[in-house]
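Notes for the one structure printed next.
Each value in this text was obtained by applying a stated rule to the coordinates, not by laboratory testing. Note that the structure is predicted; figures quoted are calculated from it, not measured. Reconstructed Cβ throughout: ideal geometry from the backbone, glycine too, with neighbour counts over all protein chains shown.
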Amino acid sequence: MRSDWLDLLLVGVLLAAPALGIMLFADAAWGLLRYDRPAVLDGQLWRLLSAHWIHLGPTHLAVNLAGLALVLAVLGRLLTPTSLLLSALFGALGVGLGLLLFSPGLYWYAGLSGMIASIWGTASARGARCGSWLGWASLALLLGRVLLEQLAGPSPALAQLIGGAVIVDAHLYGAATGVLIGVLLPRLTTRH
Amino acid sequence: MMAGAGIRRLLEPPASGKGSPGAVRWRNGVLPAFLLSALSIITAPPVAAGDLEFTPFVIGGSPVSEPDVPSWMSSVLWFQANGSQIRCGGTLIAEQWVMTAAHCLFGSSRTVSPVAQPEDVKVWFDFSDFNDLSGSSLLKTQVEQLIIHPEYRDRSGNYATDIALLKLAEPLTGRQTIPLAETNESETPNPSLSTFIIGYGVSDQTVEPNPSGKLMEADVELISRNLCRQRWGDSSLITEGMLCAGYLEPNDPFVGACFGDSGGPLFGWYPDGTETIRQFGIISFGVNPCGGDSNGKRIPGVYTNVFMFGQWINRWVLALEGAIENVPPLNITASHTTLVANACISSELELAYNGSYDRYVFDPVIRGHSNDLRFSLPDRSVPNRLVLTFTPPASARAGDQIELELTAFDNFGNVESVTVDILMGKGHCKGLLSNDRGGGGASWPFLLLALLGIMDFMRRRAAGERRHAQ
């Protein structure tokens, strides 16, 4: 199940590029694209997806891109380009829907971190299914991370760094969606 | 007087031309398409002929000549501080008391007082045309007190108590008053009743978006509450405190109340041979264009059911007259004059009132950096105390200032405001509403993941070397 690294890189860039592009028009995009609960409930459903590609600022974007790069570098061999793409898109949707359905107190959200958790979850689940020690170890790490975040909350230092609070629920929904995708869609996405 | 595709209160748009004060907001519920379209006029400019879809023969009623102007019929005028004027109808129900619609005493503009004050309200009698007052025996009276029904909440979506009383500065001794209805005609109206409406409002929307100023009169038919609910498509809207009147068949005349007629009477007489005129309703709201036509569906006008408020009216007019002099001045105090708040974090502000009378707080007016400011007034009905919860915007920066002005009024026409300065605290919790928990770590998982990556790389490299050695 070794991935084509060039394809993976391309998909990764494809995922990251809109976020970079949007930063150039941050002010205009912010109000229109972020997850905004009242606006979503008012029918602006695109925000469920678009929120993942806008950021609080360059630092927030840089932290998330670094996270995406790290996840792809370490777990990329457990993914195919198709599974990466599916994980990113469905993960983004899962985070949006999760926030909408299960986090009614959250007014707005932005950033790639939920989607990164989804990619991490998909790669781990796929690896674990194949008996890869990396898959199991990264899955345990992801579960530990989500669990600790839920119990203890996010890092205040990171919140200060990115200029906003870390919405740990997004990581939870992203990880759950990602693991589900990794478990449920192996045949579709596995390269033989 | 006239006909109507959007809901609107039937008072006159302000002369300044800044929005329709009669526009209403719906609270909830699935509304029929015509009501949704109606909502669009909430912040719309005053009705203009070109904006309306209606047939050119929409004319309701006939003019009333000056000698025939009922002595109890009046025009209630609110001269606002910004120079605009709100006109409504009113009826003399006792020597010193005029009855009108409560919504006539509320403005939509933030630049003037949100609720009328007695000194700004005048009541005029004995004229048939605002445009020709020279030859009339016009009687102008001052207002001493305004009594708004305590359950009325302007722009709340609940119009079940759209009634107010004006106490005149001097009694109009000897002047004929209009007796009130003795029966409740809301559920199943008596088909033998003859009912009419009268007012100085818009008489022809094709040519005149603003009230004609001429007194017009027209006959309308009372309609049962159930049928009215069906036509409005909202069963909760039409309450027992309302009457419906108008016409339902497509070929029926286009007659009904229109802008500027609010507060005026729905009156008539019982078939008892005496033809004693009684007031059954107060013109309250209807659809726009006036006359009740929306996409081919006739929608009745809605009137405050006077019968249901007889006790309340009598309490004021008869029992408590004179006692009003002892009403204490309104005083409102806030728990803070300056409050430090953080972006996205809910803060609370407590307001307190004096006295034992009902006090109400008008929607807060927010100045300064106010984008996305969310606030809620959980319960406006608790007397003497109110907790305002607000959430400063995520985009607020440290040092930003928000000024919150809260205006309170009571049903004696007292108005008082309090201002609270909200100062944004330093860089705290941008992007978060509910889970400001702190603690934990976010970078360690990625460090461990990197470690896993290195281990994986080394394992695979070692495995490769082993394979190579074999």
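Whole-Hz Karplus ³J(HN,Hα) for the range B:141-151, in order, using 6.51 cos²θ - 1.76 cosθ + 1.60 and θ = phi - 60°, x for Gly and Pro?
Coupling constants for the range B:141-151: 10, 9, 10, 9, 9, 10, 10, 9, 4, x, 9 Hz.
Report, in debye and to the nearest 20, how large the dipole of the range B:139-178 comes out about its Cα centre when Lys and Arg carry +1 and Asp and Glu carry -1 on their Cβ.
On the way: 5 positive and 5 negative charges, 22 e Å.
Dipole of the range B:139-178, to the nearest 20 debye: 100 debye.
Amide H neighbours of B:Phe196 under 5 Å, counting only residues 5+ apart in sequence or on other chains, H built in-plane at 1.01 Å?
Those qualifying (amide H under 5 Å, at least 5 residues apart or on another chain) are B:Val220, B:Phe267, B:Gly268.
Suppose R0 equals 30 Å; then what is the FRET efficiency for B:Asn331 and B:Glu182 from their Cβ-Cβ distance, rounded to the nearest 0.05?
0.15
What residues qualify as long-range amide H neighbours of B:Leu243, i.e. H under 5 Å apart, gap of 5 or more or another chain, H built at 1.01 Å from N?
B:Tyr303, B:Thr304, B:Asn305
How much net charge surrounds B:Pro271 when only other residues with a Cβ under 14 Å from its Cβ are counted (Lys, Arg +1; Asp, Glu -1)?
Numbers: positive: B:Arg278; negative: B:Glu182, B:Glu185, B:Asp272, B:Glu275.
That works out to -3.
How much net charge surrounds A:Leu101 when only other residues with a Cβ under 12 Å from its Cβ are counted (Lys, Arg +1; Asp, Glu -1)? Mind showing how you got there, number by number?
Details: positive: A:Arg37; negative: A:Asp169.
Once positives and negatives cancel, what remains is 0.
Residue by residue through the range B:127-135, what is 3J(HN,Hα) from phi via Karplus (6.51 cos²θ - 1.76 cosθ + 1.60, θ = phi - 60°)? Round to whole Hz and write x for glycine and proline.
So the J values, rounded to whole Hz, are 8, 10, 8, 4, 7, 9, 9, 5, x.
Which ³J(HN,Hα) values in Hz, rounded to whole numbers, follow from the phi angles of the range A:34-49 under the Karplus curve 6.51 cos²θ - 1.76 cosθ + 1.60, where θ = phi - 60° and Gly and Pro get x?
Result, rounded to whole Hz: 5, 6, 10, 3, x, 5, 4, 5, 7, x, 8, 6, 4, 4, 4, 9.
Evaluate E = 1/(1 + (r/R0)^6) for B:Trp444 and B:Thr239, where r is the Cβ-Cβ distance and R0 equals 60 Å; express this FRET efficiency to the nearest 0.05.
Details: r = 61 Å, r/R0 = 1.01.
After rounding to 0.05, the efficiency reads 0.50.
With each pseudo-label sitting 7 Å past Cα toward Cβ, what's the B:Glu348-B:Gln401 distance in nm, one decimal?
In this crude spin-label approximation the distance works out to 2.7 nm.
Taking K and R as +1 and D and E as -1, what net charge do the other residues with C-beta under 13 Å from the C-beta of B:Val306 add up to? Display every interim value, and only then the final one.
On the way: positive: B:Arg278; negative: B:Asp162, B:Glu182, B:Glu185, B:Glu240.
Local net charge: -3.
Place a point 7 Å from Cα of B:Ser192 in the direction of its Cβ. Which residues in the range B:268-283 have their backbone N less than 19 Å from it?
Residues B:268-280 qualify, since their backbone N sits under 19 Å from the label point.
Using the alpha carbons of the range A:1-144, what is the convex hull volume per residue in cubic angstrom, as a whole number? Mind dumping the intermediate values first?
Details: hull volume 15.1 nm³, N = 144.
Considering the Cα atoms of the range A:1-144, their hull volume per residue is 105 Å³.
Sequence-distant or interchain residues sharing an amide H contact under 5 Å with B:Ile422, placed H: which?
B:Leu339, B:Ile402, B:Glu403, B:Leu404
Once you have a ≥ b ≥ c as the square roots of the Cα gyration tensor eigenvalues for the range A:75-149, tell me rounded if a/c is under 1.5, and otherwise prolate or oblate according to whether a/b is larger than b/c. Before the final figure, lay out each step's value.
Numbers: a/c = 2.84, a/b = 1.63, b/c = 1.74.
The shape class here is oblate.
Taking 0.36 nm per residue of separation and subtracting the Cα-Cα distance, what length does fully extending B:Asn251 through B:Phe79 add?
Working: separation 172, 0.36 × 172 = 61.92 nm, distance 3.99 nm.
Contour length minus the Cα-Cα distance gives 57.9 nm.
For B:Met455, B:Met73, B:Met308, which order do you get if you count the other beta carbons within 10 Å of each Cβ and list the fewest first?
On the way: B:Met455 14, B:Met73 25, B:Met308 19.
Ranked by crowding around the Cβ, least crowded first: B:Met455, B:Met308, B:Met73.
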